[in-house]
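As structure tokens, the structure follows; a few thoughts come after it.
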Amino acid sequence: MDIRKYISIDPEIRFGKPCITGTRIAVADILQWLGDGMTTASILNDFPQLKPEHIQAALLFAANREHFIRVIAA
């Protein structure tokens, strides 16, 4: 999946947070909802502009971002 098709970063939208393209729904919002226990079905029901591939793209975005985080010993 090419997440660039589904996620965009625009400094004029949500202060430059990664968002689902064409919406103001941030990747962080989707991750928070999932972390709070919402199901994909309930998110899609509450936000009809989203599709399953948007949720998958948000998860892949977060997973890819983890590859770049380093822990530096104090």
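Laid out as a table, the results:
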read-out	value
Residues whose placed amide H lies under 5 Å from that of Ile13, excluding near-sequence neighbours	none
Heavy-atom accessible surface of the chain: percent carbon and sulfur, 1.4 Å	56
1.4 Å probe accessible area per residue over the chain, in Å²	73
Principal-axis tilt of helix 52-66 within the chain, Cα atoms, nearest 10 degrees	10
Stretch in the chain that is longest and holds no trypsin sites (Lys or Arg not before Pro) that DSSP places in a loop and that have at most 16 other beta carbons within 10 Å	25-69
Whole-number D in µm² s⁻¹ for region 12-70, Kirkwood Cα-pair radius fed into Stokes-Einstein, 25 °C, 0.890 mPa s	205
Point-to-point label distance, Asp10-Asn45, nm (Cα→Cβ direction, 7 Å offset)	3.0
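The values are calculated or read from the model by the stated rules, or taken from the named source; none is laboratory data. All of these numbers come straight from a predicted model, not from anything done at the bench. Cβ sites come from the backbone with ideal geometry, for glycine too, and all protein chains shown count toward neighbours. Calculation scope for accessible area: heavy atoms of the full protein, side chains included, ligands and nucleic acids excluded. Shrake-Rupley method; radii C 1.70, N 1.55, O 1.52, S 1.80 Å.
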